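J.: A single structure is presented below for examination.
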Amino acid sequence: GTVVTGTLMDGNVHTGDDVMIYPEGIKAKVRGIQTYGRETESALAGQRTAINLSGISKEDIDRGDIVAYKDAVTVTSMLDTEISIFSSTDRIILNNSRVHLYCGSDEVLCKVILLDRDAAAAGDTCYAQLRLEEPMAVRRGDRFIFRFYSPIITVGGGRIIDASPAKHKRNRPEVLAGMEVLANGSLSEIIYAKASERRFVRQKELAHELGILEGEMQ
């Protein structure tokens, strides 16, 4: 089989499990697992893990791909985020700047749409929509860093507060209010805010978008 290595970020994995490779959406089965050089029947979040996968070839996968259960992550080309600029940097992120985004072991280019200002400087924290040039597999709450386009200097980082956002217009009070709820609201407030964006939404779909279990939704 094909062996992939990385850090198990969440939950656990067992020999015999059916999994998916994202963002491609390729099905595979776990044939074997090793942690720290030893064979095991399962691995837990936080462990460095090697997984032997059947049903795929080496050519089917790339650095930055995610191994997860079906519907466990969201494949997206747009992210709502809360970003922070390092207080030590002398670089300024202008609205519509192009940056290198790093999440997990994946790297994509994206544009930073600042939603309440024209520029983000050292020490600033603000809301931004990231529009990606390639699809990325993520979950709400994932952390990331970003680097200046050229020269490639790390200037800040942030967290994903919505992995399935609508395209926003800038400087809109209602947009910023919604971002504040997604960033700092209670789970019930977040569920209400996301459900209110459309007339009807299936519970399973909304739980997937928010990265929570259906039981938590109840």
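The values are calculated or read from the model by the stated rules, or taken from the named source; none is laboratory data. Predicted model, so just to flag it, every value in this text is computed and none were measured. Every residue, glycine as well, gets a Cβ built from its backbone with ideal geometry; the counts of neighbours run over all protein chains shown. Note: areas computed on protein heavy atoms with side chains; ligands, DNA, RNA excluded. Shrake-Rupley method; radii C 1.70, N 1.55, O 1.52, S 1.80 Å.
J.: Label 7 Å along Cα→Cβ of A177; segment 197-218 residues with amide nitrogen under 19 Å?
T.: 197-199
J.: Once you charge only the Cβ atoms, +1 for Lys and Arg and -1 for Asp and Glu, what is the size of the charge dipole of segment 89-218 about its Cα centre, to the nearest 20 debye? Each step should come with its number before you reach the end.
T.: On the way: 19 positive and 18 negative charges, 66 e Å.
Approximately 320 debye in magnitude.
J.: With an 8 Å Cα cut-off and a minimum separation of 6 or more residues, compute the relative contact order for segment 40-149 in percent. All intermediate terms of the calculation are to be shown ahead of the outcome.
T.: Values: 178 pairs, mean separation 34.3, N = 110.
Result for segment 40-149 is 31 percent.
J.: Can you compute the label reach from R117? Point 7 Å from Cα along the Cβ direction, backbone N cut-off under 15 Å, restricted to segment 81-102.
T.: Of the residues in segment 81-102, 82-97 have backbone N under 15 Å from the label point off R117.
J.: Given 10 Å bins starting at zero, what is the percent of C-alpha pairs of the chain in each, up to the one with the largest pair distance?
T.: Answer for the chain: a P(r) of 8, 31, 31, 22, 8, 0 percent.
J.: Averaging sequence separations of C-alpha pairs under 8 Å and six or more residues apart, then dividing by the length of the chain, give the relative contact order as a whole percent.
T.: Values: 469 pairs, mean separation 38.1, N = 218.
That works out to 17 percent.
J.: On to the next question. Run the numbers for N96 and E39: contour at 0.36 nm per residue of separation, minus the present Cα-Cα distance, in nm. List each step's numbers first, then the result.
T.: Numbers: separation 57, 0.36 × 57 = 20.52 nm, distance 4.77 nm.
That pair, N96 and E39, stretches by 15.8 nm at full extension.
J.: On to the next question. Near D106, within a Cβ-to-Cβ distance under 15 Å, what is the net charge of the other residues, with Lys and Arg +1 and Asp and Glu -1?
T.: Numbers: positive: R63, R139, R143, R147; negative: E24, D62, D65, E107, E133, E134, D142.
Local net charge: -3.
J.: Might you report the magnitude of the Cβ-based charge dipole of the chain about its Cα centre, with Lys and Arg at +1 and Asp and Glu at -1, to the nearest 20 debye? Display every interim value, and only then the final one.
T.: Numbers: 27 positive and 31 negative charges, 61 e Å.
Rounded to the nearest 20 debye, it is 300 debye.
J.: Ignoring ligands, DNA and RNA, what accessible area per residue does segment 102-218 give at 1.4 Å, in Å²? Please report the intermediate quantities before stating the final value.
T.: Details: 6300 Å² over 117 residues.
Per residue, segment 102-218 has an accessible area of 54 Å².
J.: In a GNM of the chain with a 10 Å cut-off on Cα contacts, which of D142, D65, D90 has the highest mean-square fluctuation?
T.: D90
J.: Oh, and also: In percent, how large is the relative contact order of segment 92-218, given Cα pairs closer than 8 Å and 6 or more residues apart? Let's see the in-between values first.
T.: Details: 184 pairs, mean separation 25.4, N = 127.
Relative contact order, segment 92-218: 20 percent.
J.: Oh, and also: Across segment 107-218, how large is the tail of the calculated P(r) beyond 26 Å, expressed as a percent of all Cα pairs?
T.: Details: 1405 of 6216 pairs.
Tail fraction, whole percent: 23.
J.: Return the carbon/sulfur percentage of the accessible area of the chain, one whole number, probe 1.4 Å, all protein chains in place.
T.: Values: 5910 of 12070 Å².
Accessible surface attributable to carbon and sulfur in the chain totals 49 percent.
J.: Roughly how many nanometres apart are two label points built 7 Å out from the Cα toward the Cβ at T125 and V201?
T.: 2.5 nm
J.: While we're looking at this one, here's another question. Can you show me the helix-derived [θ] at 222 nm for the chain, built from DSSP H runs with n ≥ 4 at -39,500 (n - 2.57) apiece and divided by the number of residues, rounded to the nearest 500.
T.: Values: 4 runs with 33 residues, N = 218.
The helix contribution divided over the chain gives -4000 deg cm²/dmol.
J.: Pop out the ³J(HN,Hα) list for segment 32-46 in order, Karplus 6.51 cos²θ - 1.76 cosθ + 1.60 with θ = phi - 60°, rounded to Hz; leave Gly and Pro as x.
T.: x, 9, 10, 10, 6, x, 10, 6, 8, 7, 7, 9, 10, 3, x
J.: Between D62 and L109, how many nm apart are label points set 7 Å from Cα along the C-beta direction?
T.: 1.3 nm
J.: Please find, in a Gaussian network model of the chain (springs between Cα atoms separated by less than 10 Å), the residue of R139, R202, R98 whose mean-square fluctuation is greatest.
T.: Looking only at R139, R202, R98, the largest GNM fluctuation is found for R202.
J.: Could you give the length gained by full extension between Q218 and V3, i.e. 0.36 nm per residue of separation minus their alpha carbon distance, to one decimal place? Could you put the intermediate results ahead of the total?
T.: Numbers: separation 215, 0.36 × 215 = 77.40 nm, distance 3.81 nm.
Gain on stretching Q218 to V3: 73.6 nm.
J.: Still on this structure, I have one more. Treating only the Cβ of Lys, Arg, Asp and Glu as charged (+1, +1, -1, -1), what charge dipole size does segment 154-218 show about its Cα centre? Round to the nearest 20 debye.
T.: On the way: 10 positive and 9 negative charges, 75 e Å.
That gives segment 154-218 a dipole magnitude of about 360 debye.
J.: Got a sec? Charge dipole of segment 38-101, +1 on Cβ for Lys and Arg, -1 for Asp and Glu; which of A45, V67, S97 is way out at the positive end?
T.: Going by the Cα projections, it comes out as S97.
J.: Give the Kirkwood hydrodynamic radius (Å, one decimal) of segment 148-188, defined as one over the mean of 1/r across all pairs of different Cα atoms.
T.: Values: mean 1/r = 0.0793 Å⁻¹.
For segment 148-188, inverting the mean 1/r across all distinct Cα pairs yields 12.6 Å.
J.: Would you mind telling me which residue in S196, S105, S42 has the biggest mean-square fluctuation in a Gaussian network model of the chain, where springs connect alpha carbons within a distance under 10 angstrom?
T.: Judging by the Gaussian network model, the answer is S196.
J.: I153: net charge of surrounding residues, Cβ under 12 Å, Lys/Arg +1, Asp/Glu -1, itself excluded?
T.: Numbers: positive: R91, R147; negative: D90.
In short, +1.
J.: Would you mind counting up the charge near D118? Only other residues with Cβ under 13 Å from its Cβ, with Lys and Arg at +1 and Asp and Glu at -1. Provide the component values of the computation, followed by the final result.
T.: Details: positive: R117, R170; negative: D116, D124.
Here the charged neighbours net out to 0.
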